[in-house]
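All remarks here apply to the structure that follows.
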Amino acid sequence: FKYGGLNRVEKIRTDVGGKGINVSKVLRNFDTDVFACGIVAGKQGREIIEFLNNNSIPNLFTYAEGETRTNYKIVDIESRITTEINEPGFYVNQDVLENCIENIKKMLPSIEIMILSGSLPLGVNDDIYKRLIEIAKNYDVKVILDADSEKLKRGIEASPYAIKPNLFEFEQLVGAKLDSYEKIISAAKKYIKMGAANIIIISMGAEGAFFVSESIVYLATPFKIKCKSTVGAGDSMVAALAYGLQKGYDFKTIACMAVAAGTITASKEGSDVCTLKEVMENMHYIQIKDLTTVVSKI
C-alpha cells in the first residue's frame, strides 16, 4: 500500500459485518441459539436484516433515519497489514434508543449471556453500556463487554462478567504503558479486585491473550497461520468465550477455544469466521502457560 501514491485494487468483496453481527455469525456456526439486537438505518440496514434472516439468526432491530455506515478494510497483499476507514454513520435520537432498549429488555428473561460490543452511533452517550449492564444484572444475565476508551471505562462501573480489551485498549483504561507480562497481569488483577469484571481477557494479536480471573492466570499463544484478515478475529474470541461459559467449560478450555477461534478467523478472507469443527480440531495446538503461581503475590 503506497501512501500518497497510486494503488491498484486486486480484489473487492463486500460483507455484512460489525462486531455484534460477527459474534452472531460465529455463535450460529457453533450451532448455538443466538439473538441479534441493535439499531440500523436505510437500505444497508435492510440488507443486514435480510442477511441475518437468510442465515437463521433471529433478530429484533430498531430503525433510525439515515443510512447504515460502510467500513472499509484495505489489506496490503505484501505486508498483510490492514488499514481501516470507518464512515461516521447515522444519528440516533432518544426515542430510537429507548425503543432499542425496550427490545433488549424483551429478550433478557430468556437468555443467559448478553454480549455488548463495538462503537456507538452518533447521539448515544458513552454510558449506555453501563446502563444496559445494570438492566441485564436484574435478570441474572452475564454480560461480556467488548468496548474501548470511555465506553469501557464507564461500562466497568456496572461490573460486567467479562471484558475483552486488546492491550492498547487496556493500557488506555489503566492509564499506563504495560510493557511487561508482570505489569499486564498486575493491572488485570487490580481491576478484578476493584470489581471491574470477574474475567479479563487481554488480546495481543499474534502474541496471544491473557485470561485472568480472581484465582487463575493463563497466557494462551496461537499456532502460526497466514493472516488474511484481522476482521472478526476479536469477535470470534468473544463468541467462543460466551459459548464456553454457556456450556460450563473450565477456564483453560475456554482460553484454548477463544484463541483458536480468533486465529482461525484471521486465516480467512473478508469477514468470514470460524466454525465449531475448525475450533475443536485445532484448539489443542494452542500453547497454554499457567502463570497463576508466578503472580500469586500480586
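Rule-based calculations on the coordinates, nothing more; no lab input. The structure presented is a predicted model; accordingly, all values stated were derived computationally and were not measured. Cβ sites come from the backbone with ideal geometry, for glycine too, and all protein chains shown count toward neighbours.
Listing for the model above:
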quantity	calculated
Residue order, fewest to most surrounding Cβ atoms within 10 angstrom, among Val217, Val9, Val174	Val9, Val174, Val217
Percent of C-alpha pairs per 5 Å bin, the range 207-252, short to long	5, 16, 22, 29, 16, 9, 2, 0
Tyr91/Gln287 FRET efficiency (R0 45 Å; Cβ-Cβ; nearest 0.05)	0.45
Length added when fully stretched, Leu6-Glu47, from 0.36 nm per residue minus Cα-Cα	11.5 nm
Pairs of lysines in the range 1-110 (C-alpha under 28 Å apart; 8 or more residues apart or interchain)	17
Taking Met283, Met257 and counting other C-beta atoms within 10 Å, the order from fewest to most	Met283, Met257
Rounded if a/c under 1.5, otherwise prolate or oblate - the range 15-155, Cα gyration tensor axes	rounded
Inter-part distance where the range 37-52 and the range 174-212 are each reduced to a Cα centre, Å	35 Å
Ranking of Arg69, Arg13, Arg8 by count of other Cβ atoms within 10 Å, fewest first	Arg8, Arg13, Arg69
Two-decimal log10 I(q)/I(0) for the chain, as the Debye equation yields it once each C-alpha is a single scatterer, q = 0.13, 0.14, 0.15 Å⁻¹	-0.94, -1.10, -1.27
Computed magnitude of the charge dipole of the chain (debye, nearest 20; Cβ of K, R +1, Cβ of D, E -1)	580 debye
Approximate spin-label separation Glu67-Asn198, in nm, with each point projected 7 Å along Cα-to-Cβ	4.4 nm
Fraction of beta bridges assigned by DSSP in the range 19-290 that are antiparallel (%, nearest 5)	50 percent
Gained length - Asn138 relative to Met280, 0.36 nm times residue gap less alpha-carbon distance	47.7 nm
